[in-house]
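Taken together, the values in this text are just the output of simple stated rules run on the coordinates, not laboratory data. In this text, all values refer to a predicted model and were calculated from it rather than measured experimentally. Ideal geometry is used to build each Cβ from the backbone, glycine not excepted, and the neighbour counts take in all protein chains shown.
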Amino acid sequence: MAIRAVFFDLYETLITEFADGKRISKRTYDYRDRLGLSEDKFKQEWSSRFEQRMNGQFPSYQAVIRDILHVRSLPYHEEHVEFLYQARIREKTLPFRAVSQQILMMLDQLRKHGLKLGLISNCSEEEVTAYHQSPLAPYFDDVTFSYEAGVAKPNPEIYRLACEHVSVSPQESLFIGDGGSDELRGAHNAGLTPYQAYWYNTFARSEYEKLLKPTQVLDVVESIEKEAANHESATY
């Protein structure tokens, strides 16, 4: 079957939060001063709410913090929470300001092949505030953010929703991602053909074919197109 669409993960696939093995933001948040929690305790509470943050059960950053403070019997100071919220937005904006030219060239070539492009990202609102003003946005026909969809990878439903949004079937679609959140298996279970983006995150393990650089996405598409053309010629 011919490929009509390519769907991408966002973080560590199209953008990265790391350079030379280090996080590009410094993350110097004083949680003890702002919230009354040590950094370790805050990380524990934040991580334990990952699924609810991704699927939109918590509608905002502020709602997450309010819940953490409630459970810990700590007061909610709006000015401190707003400070942390704005700091997190600034942190998550940085990768959108440094999108690789290789990524943009790859997306441009895929568009020239006449393919629909979609984005499927597990994220909360503050993590993608900068997306719509980024160099990535003009290339995509649709974006499916988990907190808006109410479902997150690897649940097959989020992939099916993304396919419906651009009027393609999963069987006509590729999914490219670094493999976080078991997203490649999820894509496979939904009927898409997954490939592991191995150009930023080289630590994730998966059974799926690795692409070592963005241009290899084009190689995959052209190979599938050629195979489909040969099959059509043979059957004719």
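Here is the link list: Lys41/Lys210; Lys112/Lys226; Lys43/Lys213; Lys22/Lys116. Which ones come out longer than 27 Å on Cα distance?
Values: Lys41/Lys210 36 Å; Lys112/Lys226 16 Å; Lys43/Lys213 33 Å; Lys22/Lys116 34 Å.
Table pairs above 27 Å Cα-Cα are Lys41/Lys210; Lys43/Lys213; Lys22/Lys116.
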Karplus-derived 3J(HN,Hα) from phi for the stretch 16-26 (6.51 cos²θ - 1.76 cosθ + 1.60, θ = phi - 60°), whole Hz, x at Gly and Pro, runs 9, 9, 10, 8, 6, x, 10, 5, 6, 9, 8
The relative contact order of the stretch 149-200, taking Cα pairs under 8 Å that sit 6 or more residues apart, comes to a percentage of 36
Rounded to whole angstrom, the alpha-carbon centroid of the stretch 41-110 lies from that of the stretch 115-177 at a distance of 18
Residues whose modelled amide H sits under 5 Å from the amide H of Ala5, counting only those 5 or more places away in sequence or on another chain, are Lys116, Leu174
Of 52-64, 174-186, ordering from highest average Cβ density within 10 Å down gives 174-186, 52-64
One finds, for Ile89 and Phe18 with R0 = 22 angstrom and r their Cβ-Cβ distance, a FRET efficiency to the nearest 0.05 of 0.70
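Quick check: from the Cα gyration tensor, does the stretch 22-94 come out rounded (a/c under 1.5), prolate or oblate?
Details: a/c = 1.44, a/b = 1.16, b/c = 1.25.
Taking the square roots of the gyration eigenvalues as a ≥ b ≥ c, the stretch 22-94 is rounded.
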At R0 = 22 Å the Cβ-Cβ FRET efficiency linking Lys43 and Asp182, nearest 0.05, sits at 0.55
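At 222 nm, what helix-only mean residue ellipticity would the chain give, in deg cm²/dmol to the nearest 500, using -39500 (n - 2.57) for each DSSP H run of four or more? Display every interim value, and only then the final one.
Values: 10 runs with 102 residues, N = 236.
Computed mean residue ellipticity for the chain: -13000 deg cm²/dmol.
So, by mean Cβ neighbours within 10 angstrom, what's the order for 162-173, 210-221 with the highest one leading? Please list the in-between numbers first.
On the way: 162-173: 18.8, 210-221: 15.9.
Descending packing order for the listed peptides: 162-173, 210-221.
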